[in-house]
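Below: one structure, written as structure tokens.
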Amino acid sequence: MFSIRNKLRRVKWNLKSLLLKQEETYKGKYLILLYHGIVPKNNLKFNLRFIEKKDFYQQIKLISNKFNLVSLNDIYKDNLDPERLNIAITFDDGYKNNYSIAAEILKEFNTPATFFITTVKKEGYPYLWADYLDITSYYGHGKLKIDNIEFYKKHEFISDKNETLKQICK
């Protein structure tokens, strides 16, 4: 199942890149791309918000060759290239792989990026709630009952109203 999701992600990225080839539409505008984590290989069974290193590399290579890479500050200050699509890269949650994998690729392409770091560990929690739910959905089985809502395990925990546990927690 996870390899299918990875393939769908690649198809989605390819479709987005085809859309972005319509440069005239996007001249002088900006786009902020949000990443979470980068993993060395197809190790996405817990966190589907991560992407593989090779895919991230290809994305940054494409973006850096085709578009104007800017920082978030450039966007806030309207310091944009009026003749190109301007793209800012951001990372959410501050995973270690942002530093150990992503930063190396960003440096290679001289790409500015903004990293938003959580303090979840400082607060005494071992995981972000979304990661905990991913792990629970991967290893859990049977059913759960939370606040009088029953969840049944399919590929993740789903209520009888077809809402995922993660959707309700959000």
Inset, instruction - Restricting attention to the range 52-85, report how many residues are open to solvent by 30 Å² or more (accessible area, probe 1.4 Å) and not polar (S, T, N, Q). - result: 17
Legend entry - From the options 132, 125, residue that is over 21 Å from residue 38 (Cβ atoms), open to solvent by 90 Å² or more (accessible area, probe 1.4 Å) and either touching a Pro at 6+ places or on another chain (Cβ under 9 Å) or hydroxyl-bearing (Ser, Thr, Tyr) (or both): 125
Inset, instruction - Specify which of the listed residues (102, 88) is modelled with pLDDT of 85 or more, within 26 Å of residue 121 (Cβ to Cβ) and buried (at least 18 other Cβ atoms within 10 Å of the Cβ). - result: 102
Legend entry - Boolean, residue 136 is assigned to a loop (DSSP other than H, G, I, E, B) and hydroxyl-bearing (Ser, Thr, Tyr): no
Inset, instruction - Inspect the range 111-130 for any residue being part of a helix (DSSP H, G or I) and touching a residue at least 60 places away in the same chain (Cβ under 8 Å) and give the result as yes or no. - result: yes
Legend entry - Within the range 67-95, considering residues that are over 19 Å from the mean Cα position of the chain (by Cα) and assigned to a helix (DSSP H, G or I), the one farthest from residue 30 (Cα to Cα): 73
Inset, instruction - Report yes if some residue within the range 106-118 is within 30 Å of residue 133 (Cα to Cα), open to solvent by 60 Å² or more (accessible area, probe 1.4 Å) and touching a Phe, Trp or Tyr at 6+ places or on another chain (Cβ under 8 Å); otherwise report no. - result: yes
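The values are calculated or read from the model by the stated rules, or taken from the named source; none is laboratory data. All values derive from a computational prediction rather than experimental measurement. Here Cβ is always computed from backbone atoms with ideal geometry, including for glycine, and neighbour counts include all displayed protein chains. Ligands, DNA and RNA are excluded from the accessible area calculation, which covers all protein heavy atoms including side chains. Shrake-Rupley method; radii C 1.70, N 1.55, O 1.52, S 1.80 Å.
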